[in-house]
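Beneath this line is the structure, given in structure tokens, with notes to follow.
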Amino acid sequence: MTILNNKEKTVPFFDYKFILGQYKEEITKIILDISSRGAFIMQDEVKKFEKNLSSFLGVQHSLGVGNCTDGLLLAIKAAGIGPGDEVIFSSHTFVATASAIYHSGAKPVPVECGSDHLIDVKSMEAAITSKTKAIIPTQLNGQVCDMEDIIKLCNKYGLILIEDAAQSLGAKYKDKSAGTFGVASAYSFYPAKVVGCFGDGGAVVTNDDDIYNKVFLTRDHGRAKIGEVVTWGMNSRLDNLQAAILDFKLSKYNLDIDRRREIASIYEGGLKDVKELILPPAPNANPDKFEIYQNYEVEVVVASDRDGIRTYLSSNGIGTIMQWGGKAVHEFEGLGLNYSLPFTEDLMRRCFLLPMNTSLSNDDINYIINTIRKYYNYGI
């Protein structure tokens, strides 16, 4: 292989400074306006963002919360899930999915993902017991699971469906948005997400009035609209400054989605003949699915090659990461989840993420492509 050693060219996995730089003038104005008014907690900007998020998704209710993990926990508890219940989830996800289940008092039950890196329906059905209360599919990497099959399974066994849509705001399955299929879902606005704020933030969305009312109370210390504490709650409020920034970024969101899909198309065009890699689905490859490409997760065909390609990319100034440190949830021994999921375990040895965000130029993407092609001795 040829090492490029282009010391002048660097492509970080994610440039956090870009979050401000992309819309510096507009965001600075928002920060100064909110700060000058002292409007920091539960003000009009939160309500405005919640209304616009509901409109964007086509749902009845959206509630800003402190982060997506809190959002999942609030949704799980509002749906009546707790001690004695089992909840099935894909182990190919961030630990937050399982943590929300665990802290509700229910038992997290990890199952396999499929070749699309999303929860496997056959594994879900095999894991169902008399204690199974719910299924939480993770809409991962800006994709959406095959929701028809999951809904059929939930209906067959009388299970509650809640979605972890942290990574897939705006992704669609048969023209229906990720996060709108079950009784509730949660989204993340972590800075590196497609719609990211300047810290932690999340939202719960639902069409169920009862779940809305319960989450409304519990996110703010159990306080009703009149200020009276009517139940036990917690402090998980989306602060007003973040809501204002998110509302502005939501108005530009379709431009960001278009750009991510354009980047995915460039990757596809430049790497589809590299037989040593398995790429994510190309835009429009499946007419039932609309991907937003939160991440671009690739697989090496031979697991032992992953360290080599990542080291080579790093030596040429290109940042990559392995999601969640390269472990599925059930592989973290400290969690005490004693399951064997061989397909997912093998996948975790072969996957890593290439840079995918709107700070990247076409030159950046082509540099990444050309570097990969040189590593595998393909022509440029």
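Assorted remarks:
- For the stretch 288-299, filtering for residues that are open to solvent by less than 60 Å² (accessible area, probe 1.4 Å), closer than 17 Å to Y173 by Cα and not acidic (D, E) leaves 4.
- Where helices (runs of 4 or more DSSP H) fall entirely within the stretch 1-73, those with at least 3 residues that are exposed (fewer than 12 other Cβ atoms within 10 Å of the Cβ) are at 24-37.
- Of the residues making up the stretch 135-171, just one is buried (at least 24 other Cβ atoms within 10 Å of the Cβ) and over 16 Å from Y187 (Cβ atoms), namely I135.
- Number of residues in the stretch 260-287 that are basic (K, R), within 18 Å of the chain's Cα centre (by Cα) and either open to solvent by 20 Å² or more (accessible area, probe 1.4 Å) or modelled with pLDDT under 95 (or both): the value is 1.
- Qualifying residues in the stretch 172-200 (those that are touching a strand residue (DSSP E or B) at 6+ places or on another chain (Cβ under 7 Å) and under 30 Å from T28 (Cβ atoms)) - the one most open to solvent (accessible area, probe 1.4 Å): S188
- Check on I226, β-branched (V, I, T) and modelled with pLDDT under 95: yes
- Residue check for T132: closer than 25 Å to D200 by Cα, among the hydroxyl-bearing types (S, T, Y) and surrounded by 19 or more Cβ atoms within 10 Å (Cβ to Cβ): no
- Among the residues of the stretch 118-129, those identified as in a loop (DSSP other than H, G, I, E, B), in contact with a helix residue (DSSP H, G or I) (Cβ under 8 Å, 6 or more places away or on another chain) and open to solvent by 10 Å² or more (accessible area, probe 1.4 Å) are D120, I128.
- The set of residues from the stretch 332-380 being of a type in the set (D, E) and either over 18 Å from L118 (Cβ atoms) or open to solvent by less than 10 Å² (accessible area, probe 1.4 Å) (or both) comprises E333, D363, D364.
The values are calculated or read from the model by the stated rules, or taken from the named source; none is laboratory data. Not measured: the values here are computed from a predicted model. In this analysis, Cβ positions are derived from the backbone assuming ideal geometry, glycine residues included, and neighbour counts consider all displayed protein chains. Heavy atoms of the whole protein, side chains included, go into the accessibility calculation; ligands, DNA and RNA do not. Shrake-Rupley method; radii C 1.70, N 1.55, O 1.52, S 1.80 Å.
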